[in-house]
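Everything on this sheet refers to the single structure shown next.
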Amino acid sequence: MELGVIGLGRMGQIVANRSLEAGHDVVAFDLSAEATAEAAERGAEPADSVTDLCDRLDGSGEEDGDGKRIWLMVPAGDAVDATLADLEPNLDAEDVVVDGGNSHFEASTRRAEETDAAYLDCGTSGGPASAEAGFSLMVGGPAWAYEAMVPVFDAVATGPDGHDRMGESGAGHYVKMVHNGVEYALMQAYGEGFELLADGRYDLDMESVARTWNNGAVIRSWLLELCEEAFREEGSDLGDVADHVAGGSTGTWTVEEALEQEVPVPIIYQALAERFDSRNEGRFSRRLANRLRYGFGRHEVARRDDA
Ligand SMILES: NC(=O)C1=CN([C@@H]2O[C@H](COP(=O)(O)OP(=O)(O)OC[C@H]3O[C@@H](n4cnc5c(N)ncnc54)[C@H](O)[C@@H]3O)[C@@H](O)[C@H]2O)C=CC1
Ligand SMILES: O=C(CO)[C@H](O)[C@H](O)COP(=O)(O)O
């Protein structure tokens, strides 16, 4: 199959590489000429615009009657809409566009309705660390378009078991959104456990704990393997790693959706709140609680040194 890949950052390069390694032809474009050149070095045909990419894909479809097959791996949000606006004049009903990024599921259903092509929303899990093993792909959209893309999904995922059609349009990104909410909660649970061990009664080697847990324990997992790697590379006390956690959009969407559906997700919410809290020093609520204890109990007020 010939595949167009647009967006060749940490994830898009892997989509292109794994497709090439499986014997597919890849036409690649990124706004960054360096990123496009990197894909070309690995065997992709470089394109210098979205229109050029479509022109280069047009030739291959004539052989087997297929339409164009295009995978977007650009940042979620405006970049997806901008790319689709450039693609639109070149698309028709037999073409398939896959959005493999972390788009909101409602944006994906809107885009599916707006485009002439068949639109697949594809939640992608595994991250750059899964370049060798392949990703887990959660796909939503028309069944025929999913079937048409199976050879590429087989290549980009861990294999045939690493991808599936979750349902109609939006279902893929919906499942990925919830996946990320679970990811936040698991990270929080491991974080709390290791914090208690680090601050607790025994002088423990965290890498040793993580390694031991990873070998046969109930709570073994890839995230725990990443904990083990972090302690090995940063030290048992995590060295100079700051207590500031960025990101948060997919977790926020998960909590918003849970509120709308009236499904209780207190652990996912708590993990999200902890992430937001990591960005705040001197939180107003804690300062007020400090002062209120004086108000009702005449307890001593701790004062800031820098005030
Ligand atoms: N990094 C990760 O662990 C994961 C990322 N994702 C999602 O995959 C998508 C891509 O993520 P990354 O590869 O990590 O981002 P990245 O920032 O490494 O790469 C994005 C690439 O898109 C290019 N780009 C931006 N706008 C463009 C446009 N209009 N046309 C063409 N190229 C454009 C940029 O130049 C850049 O090379 C995002 O939606 C992200 O949320 C999903 C799962 C895991
Ligand atoms: O989807 C992912 C992992 O599954 C990506 O790593 C994503 O960038 C995480 O972003 P955030 O932590 O802001 O939700």
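Mean-square fluctuations from a GNM of the chain, with a 10 angstrom spring cutoff on Cα atoms, peak among Ala171, Ala157, Ala33 at Ala33. Taking packing as the residue-averaged number of other Cβ atoms within 10 angstrom, the listed peptides 237-246, 10-19 run from highest to lowest as 10-19, 237-246.
Calculate the length of the line joining the C-alpha centroid of the stretch 202-255 to that of the stretch 260-280, in whole Å. If you average the Cα positions of each part, the centres end up 19 Å apart. Length available on full extension from Arg283 to Ala133: 0.36 nm per residue minus the Cα-Cα distance, which gives 49.8 nm.
Given axes a ≥ b ≥ c from the Cα gyration tensor, I'd like to know whether the stretch 134-193 is rounded (a/c under 1.5), prolate (a/b larger than b/c) or oblate. Can you show the working numbers first?
Details: a/c = 4.95, a/b = 1.89, b/c = 2.61.
Verdict is oblate for the stretch 134-193.
Here the Karplus relation 6.51 cos²θ - 1.76 cosθ + 1.60, evaluated at θ = phi - 60°, turns the backbone of the stretch 117-127 into coupling constants of 7, 6, 10, 10, 8, 10, x, 10, 10, x, x Hz, with x for every Gly and Pro.
Work out the P(r) tail for the chain: percent of alpha carbon pairs separated by more than 32 Å, whole number.
Values: 18559 of 46971 pairs.
So the portion of pairs separated by more than 32 Å is 40 percent.
Is the shape of the stretch 10-154 rounded, prolate or oblate, going by the alpha carbon gyration tensor and its root eigenvalues a ≥ b ≥ c, with a/c under 1.5 for rounded and a/b larger than b/c for prolate? Taking the square roots of the gyration eigenvalues as a ≥ b ≥ c, the stretch 10-154 is rounded.
How would the stretch 182-247 be classified by its alpha-carbon gyration tensor: rounded, prolate or oblate, with rounded meaning a/c under 1.5 and the a/b versus b/c comparison settling the rest? Verdict is rounded for the stretch 182-247.
Read-outs throughout are calculated quantities, based only on the coordinates presented, and are distinct from any laboratory measurement. Not measured: the values here are computed from a predicted model. Note that we place each Cβ from the backbone using ideal geometry, even for glycine, and neighbour counts take in every protein chain shown.
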